[in-house]
Amino acid sequence: MGLAHLNGQVLDGKYRIEKELGKGGMGAVYLATHLGTERPVALKVIAPQFMKHEEFVERFKREARAAGRLRHPNVVDVTDFGFARTPEQERVAYLVMEYLDGCTLAEILSEESRLPLAWVIDILEQVCSAVDEAHQQGIIHRDLKPDNIWLEPNRRGGYTVKVLDFGIAKLADASVSVASSTSASESKRDSEVESSSNGDSEVESDAGPTRLLGVSTEADTQIRAAPRTRQETATSEASTLMQTPEPRVGEDERTRMLADSTTSERAASKTASTESLTRVGSILGTPLYMSPEQCRGASLDARSDIYNLGVIAYQMLSGRTPFAGDFDSVMRQHAAAEPPPLREKKIPRKVAAVVMSALAKNPSERPPSATAFSSALRAHSEGASVLLRRALALYSEHLPIFLRTAFICYAPLLCITTLQLVVNALNPRRYLPVSASIVLSIALSLISMLVSMVMSAVLMGVTTRLVTQLLAAPLRPINLRSAFDALRRRWRPFIFTATSASLLIFLGLFLGVVPGLVLMVNYSLIAPALMMENVRGRAAMRRARQLAARARRTVVLIILIQVFAPILISGVIAFSIISLLRMMGPLGGRANLFASIYQFISMPILVVVSSLSTIISALLYLKTRQAGGETLKDALGEFADEERPRRRWQIRMRERLHLTTRLSR
C-alpha cells in the first residue's frame, strides 16, 4: 500500500505524522502536527495505487475543493489538500482536517441502545443543518450513518455534532476504474464474500474521518462480519462500489458494466460539465442505512440522504435499524419491504409518523429537505405544556413590550367601552329615550364584539412578528415601531381578511354554537399568516385552516384560554365586588354602578390575558409551520429585507456574509 512507513515522517514539508488512527482500502488517517502552528490535525492520505489514474486525481482535486468550501459548524473542517511523496518516492494525495475529540454516534448506540427523545432531536437538528447546507451547494453525502456522526463535548454541558466524510465519500466514484483493473473475477469474489457473511456488509467509503481518534470501524450493530483475509478486506474497502446483488449478472456482464462506468468516468473528467453524483449500476453506502434507490443502483439526489437520516432516527429511537440480516436480505428489504412501525413508549405518535415518512420508498413522499425533517420532528416532540412554559418565559422577560403592544391595539376597544359606560350612566337619569338607549346599547355591544375580534387579530399579528424576531434573531433589539410599520404596509388586506373571518365566526356563533366554534378553530391562526406570509383573502383562510389542522388539539386549548380566562378572572373580581357591596348594605341603585365598574375592570384584565395568549398563539403558529417542515430561516428573510444596517460594523458584517456565501458556492 505504500503507507506503512509514514509514522514519524514529515509529509510535504508541513505535516509531521505522529501515529495512525485508522485505515481502509483507499488509504489511512493519521494524527499529525502542522509544523507552522504546532496544531494537531487529522491527515488523510490516499494510497499510491489510486494516483495512477488520471480521472481519480481530477476528481480528488474537485471534491477536495468542494469539501474545503463547505463551511458549517456541524461539518468537519477541511483546511488543506495536496500531493506529496512517501519515503519510497511514491506519489500520494492527502487531505487535512480538524482533529476532533469525542466519539461517534455508533459508539454511543452500541452501549446506550435507545436515546432520550430530547437528545435525538438535538443531534438530528445539527446533522440536518449540516446536510441541508451541503445539499444547497450540490453535495450529496450518500453514506450517512452513525459512524459518520461525531459528537464532540462543547464545554457547556452539551455536544457539538460533526458530520464526517462530506465530499470525500464521492471520491469512491472514480475508484471504479481501479476496481475494474483488479479483474472481474476479483470483483465477483468480493461481492460473494460480502453477501455470504452475516455481518459487516458495509460498503465503506474508505478510512475517512470516521477514524479521527483511532476508532476502528466495526461491523454494524445488526450485521456481524465473518473474518476476512487482509487482501479481501483491502479489495472490498477500496472501491466502496459494489454491483447491485439483484438481479445477479454473469461475469462478462459485470465486466461490461464496470467498463462502461470507467468509460463514462474518463469522459466526464475531460469535460467541464458536472456529472450525476451516482451512476446507474453502482452502489455507495452502508446497506443498513441505504435508500431504496441506492439499493437499486439508481441515480441519487438529496432525498436519498433524507432516507438515511430516517434510518438513523429510527435506530436512535428504537435501538434497532428498520431492517437487519445478511447483505442480500437487507438490500431487498430496503428496496421493496415496508419498515416495521415505530411503536416505542414515550415516543409521540406524530414524531413516529415523521420518521416513517422519511423512510418512504417513493422519494417524493419524504420530507422535502433535511431541515424540514428536523423541524417537523422538533414541532411534534413538544406538547402544549412546552408551549405554555416558553410563552411564560417570553412574557416575563419582555413584559413591558407586550403590555404596551396590547394597550395600543386595544385602544379603539377602550374608546367603545368608555362610550358604553357613558350610556349606562345616562340610562338611570333618563337623558335618553328608552328605545334609543336600548338600540344604542345593542349597537355598541355588537360593534364592541366585532372590534374586539379585529383588534385581537391585529394584536396577534404584531405579537407574532415580535415573537418571531425574538426566536429567529434574539440579539436584535425589539423595535415596536417596525412591527407596526410592517402592519401598516399591508393593513388593507389584513383588516379586510381579518374582518371577513371575524364576521364569519360571528355569523357561525349566531346561527349555532358549534359552527361558530369550528370556524373559530379554523381561523384562529389567520392573523399570523396575514402578518408573516404573503397571503390574503381566501388564500389566507385556506392557509389558516391548513396550519390549524396540524395541531388542532393545541389550537382548541389556546382558544379556551383566550376566551374563558378573561371571563373567569373577571367573574372572580365581580364576585368579590358584589360581596364587598353587600357587606356595605343593600345594593339598591348601586347595581348599575357595579356593572359599570365590572365592565371597566374587565378591560385591563383582557389586555393582560390577551398579551399572554397572543404569545402562545404566535408560538403555536411557528410550531405548526415547523410541523409542516418550514423553518425560522424563511421568516428571518423578512427582517433582513426590511431592516437595513445603520452602523458601520453592521454593514461590514453583512458585506462579509454575502462575500463568504458567494465564495462557498
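How many of the residues in the stretch 103-122 are among the small types (Gly, Ala, Ser) and within 25 Å of Ala66 (Cβ to Cβ)?
Residues meeting the conditions: 0.
Looking at the structure I just gave you, is Leu31 over 30 Å from Ser318 (Cα atoms), buried (at least 18 other Cβ atoms within 10 Å of the Cβ) and not acidic (Asp, Glu)?
So Leu31 passes the test.
Examine the stretch 267-278 for a residue that is aliphatic (A, V, I, L, M), assigned to a helix (DSSP H, G or I), open to solvent by less than 40 Å² (accessible area, probe 1.4 Å) and modelled with pLDDT of 90 or more, and state whether such a residue exists.
For the stretch 267-278, residues aliphatic (A, V, I, L, M), assigned to a helix (DSSP H, G or I), open to solvent by less than 40 Å² (accessible area, probe 1.4 Å) and modelled with pLDDT of 90 or more: absent.
Yes or no: the stretch 130-144 includes at least one residue that is of a type in the set (Asp, Glu), on the phi < 0 side of the Ramachandran plot and part of a helix (DSSP H, G or I).
Checked the stretch 130-144: at least one residue is of a type in the set (Asp, Glu), on the phi < 0 side of the Ramachandran plot and part of a helix (DSSP H, G or I).
Somewhere in the stretch 72-87, is a residue in contact (Cβ under 8 Å) with a residue 12 or more places away in the chain and among the basic types (Lys, Arg)?
Within the stretch 72-87 (the criterion being in contact (Cβ under 8 Å) with a residue 12 or more places away in the chain and among the basic types (Lys, Arg)), the answer is no, since none of the residues qualifies.
Working carefully through the options Phe60, Phe50, find the one that is touching a strand residue (DSSP E or B) at 6+ places or on another chain (Cβ under 8 Å), among the hydrophobic types (A, V, I, L, M, F, W, C), open to solvent by less than 70 Å² (accessible area, probe 1.4 Å) and closer than 20 Å to Ile139 by Cα.
Result of the check over Phe60, Phe50: Phe60.
Suppose we filter Phe407, Phe402 for residues that are under 30 Å from Arg465 (Cβ atoms), open to solvent by 10 Å² or more (accessible area, probe 1.4 Å) and in contact (Cβ under 8 Å) with a residue 12 or more places away in the chain; which single one remains?
Phe407
Looking only at the stretch 361-387, count every residue that is modelled with pLDDT of 90 or more, among the hydrophobic types (A, V, I, L, M, F, W, C) and out of contact with any helix residue (DSSP H, G or I) (no Cβ under 8 Å at 6 or more places or on another chain) and tell me the total.
1
I need a count of the residues in the stretch 21-58 that are more than 19 Å from Thr79 (Cα to Cα) and part of a strand (DSSP E or B).
Within the stretch 21-58, residues that are more than 19 Å from Thr79 (Cα to Cα) and part of a strand (DSSP E or B) number 3.
For the stretch 138-161, which positions are open to solvent by 20 Å² or more (accessible area, probe 1.4 Å), under 19 Å from the mean Cα position of the chain (by Cα) and more than 19 Å from Tyr307 (Cα to Cα)?
The answer is Gly158, Tyr159, Thr160.
When Ser396 is evaluated against the numbered criteria (1) surrounded by 22 or more Cβ atoms within 10 Å (Cβ to Cβ); (2) without any contact (Cβ under 8 Å) to a residue 12 or more places away in the chain; (3) not acidic (Asp, Glu), which criterion, by number, is the only one it fails?
(1)
How many of the residues in the stretch 514-567 are among the β-branched types (Val, Ile, Thr), within 29 Å of Ser482 (Cα to Cα) and under 26 Å from the mean Cα position of the chain (by Cα)?
Adding up the residues that qualify gives 4.
With the condition kept exactly as written, say whether any residue in the stretch 8-17 is in contact (Cβ under 8 Å) with a residue 24 or more places away in the chain, in contact with a Gly (Cβ under 8 Å, 6 or more places away or on another chain) and part of a helix (DSSP H, G or I).
no
Ser456 - would you say it is farther than 25 Å from Leu387 by Cβ, part of a helix (DSSP H, G or I), out of contact with any His (no Cβ under 7 Å at 6 or more places or on another chain) and open to solvent by less than 50 Å² (accessible area, probe 1.4 Å)?
For Ser456, the condition - farther than 25 Å from Leu387 by Cβ, part of a helix (DSSP H, G or I), out of contact with any His (no Cβ under 7 Å at 6 or more places or on another chain) and open to solvent by less than 50 Å² (accessible area, probe 1.4 Å) - is not met.
Sort out which residues of the stretch 110-128 are crowded, with 20+ Cβ neighbours inside 10 Å and not hydrophobic (A, V, I, L, M, F, W, C), and write them in order of number.
Answer for the stretch 110-128, where residues must be crowded, with 20+ Cβ neighbours inside 10 Å and not hydrophobic (A, V, I, L, M, F, W, C): just Gln126.
Which numbered condition trips up Ala84, out of (1) touching a Gly at 6+ places or on another chain (Cβ under 9 Å); (2) closer than 19 Å to Glu20 by Cβ; (3) open to solvent by 20 Å² or more (accessible area, probe 1.4 Å)?
(3)
Which pairs do you get when a residue that is under 28 Å from Glu98 (Cβ atoms), found in the stretch 40-55, comes within reach of a residue that is of a type in the set (D, E, K, R), reach meaning Cβ atoms under 6 angstrom, with the pair 6+ apart or on two chains?
From the stretch 40-55, the pairs are Pro48/Glu90; Met51/Arg91.
Only residues in the stretch 536-547 that are without any contact (Cβ under 8 Å) to a residue 60 or more places away in the chain count as the first member; pair them with residues that are aromatic (Phe, Trp, Tyr) and surrounded by fewer than 18 Cβ atoms within 10 Å (Cβ to Cβ), Cβ under 8 angstrom, at least 6 apart or cross-chain, and list the lot.
Pairs found: Arg536/Phe496; Gly537/Phe496.
Of all residues in the stretch 326-367, count the ones that are surrounded by 12 or more Cβ atoms within 10 Å (Cβ to Cβ) and on the phi > 0 side of the Ramachandran plot.
0
The values are calculated or read from the model by the stated rules, or taken from the named source; none is laboratory data. Model, not experiment: these values are computed from the prediction. Positions of Cβ are backbone-derived with ideal geometry, glycine not excepted, and every protein chain shown enters the neighbour counts. Ligands, DNA and RNA are stripped out before the accessible areas are found, and what is left, the full protein with its side chains, is counted by its heavy atoms. Shrake-Rupley method; radii C 1.70, N 1.55, O 1.52, S 1.80 Å.
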